[in-house]
Amino acid sequence: MSQKIFHASTKHSRLKHHGFTMSEVIVSATLVATMASVVLPLSLQSNRLWQQARYQQMAVEALSSEMEVLLSTTATELEAATEDLTPPDELQRLFPAARIRSDIVEDADGTQITLHFSWRSPATESSPNDDVRDREAASLFQRPIQLTAWYDVKAREPQP
């Protein structure tokens, strides 16, 4: 008789639980929904910031290229060269209203050339569905990028 009891308890322990209960499914769905609601906005914001960083890097490279051209000119050509600054075609396609402006300041240390690159980023184009916080974050990237160099006028003058 003790064998039957032992056998019955063994038989009961062999029964396996297949499938999920409704509470397990609800808890799992809640966790997945919570994680998606956190990860998706962070992913979108990360992508937007990466894009803006790429735009800024392209603008810095354009300014650097223009500055190299200006620094290779003679003092007499410098004024004319700074008045005819235009962004490269690639940047004009990417950035609406892109422009490069220059400031030249002469002092005892030499001539200081500052280039300003300003644009309206595609990310700042607003639509009615945009969140106010997104537009405010994107507007941070509208500030002009500046690059400054000093130009030694005396070293650039032709020697007789």
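Any read-out appearing in this document is the output of simple, stated calculations on the displayed coordinates, not a laboratory observation. Keep in mind that this is a model prediction, so the values were computed, not measured. Here Cβ is always computed from backbone atoms with ideal geometry, including for glycine, and neighbour counts include all displayed protein chains.
Of the residues W150, W50, W119, the one with the fewest other Cβ atoms within 10 Å heads the list, and the complete ranking is W50, W150, W119.
Provide the gained length on full extension for the span S37 to V60, in nm with one decimal, where the gain is 0.36 nm per separating residue minus the Cα-Cα distance. Don't skip to the answer; put the middle values down first.
Working: separation 23, 0.36 × 23 = 8.28 nm, distance 3.53 nm.
Here the segment from S37 to V60 would lengthen by 4.7 nm.
Annotation for H18 and A149: the two label points, set 7 Å from Cα along the Cα-Cβ direction, are 7.6 nm apart.
Compute the FRET efficiency between Q51 and R99 as 1/(1 + (r/R0)^6), taking r as their Cβ-Cβ distance and R0 = 25 Å, and round to the nearest 0.05. E between Q51 and R99, to the nearest 0.05, is 0.75.
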